[in-house]
1. By how many degrees, between 0 and 90 and to the nearest 10, does the Cα long axis of helix 68-79 differ from the longest principal axis of the chain?
2. Would you mind computing the Rg to Rh ratio of the chain from its alpha-carbon coordinates, Kirkwood style for Rh?
3. Between residue 44 and residue 66, 0.36 nm times their residue separation minus their Cα-Cα distance comes to what?
4. Please report 53, 36 as a ranked list, fewest other C-beta atoms within 10 angstrom at the top and most at the bottom.
């Protein structure tokens, strides 16, 4: 992932979507991970959408991104969560 410094002015609100296999406790893991990277993050800003068969879930949030490396660090940490399949 390469974010053009010219196209984004930091700090900014940056949307992130995490696609995961559904399992108990997953949302808490994702929220805790994001909270470590964004101290101003509010859990009420989380949007969760379940797949039709409830096998997968997408979690959408807005991160207060401070830099390109800030976003990359969060992406790497989110990908460490067992059920996470894709981070957009």
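1. Helix 68-79 and the main axis of the chain meet at about 10 degrees.
2. Dividing the radius of gyration by the Kirkwood radius yields 0.97.
3. Values: separation 22, 0.36 × 22 = 7.92 nm, distance 2.08 nm.
Length gained between residue 44 and residue 66: 5.8 nm.
4. Least to most surrounded, the residues fall as 53, 36.
Bear in mind these aren't lab numbers, they're just calculated from the coordinates by the rules spelled out. Because the structure is a prediction, the values reported are computed rather than measured. Positions of Cβ are generated from backbone atoms using ideal geometry, with glycine treated the same way; all protein chains shown enter the neighbour counts.
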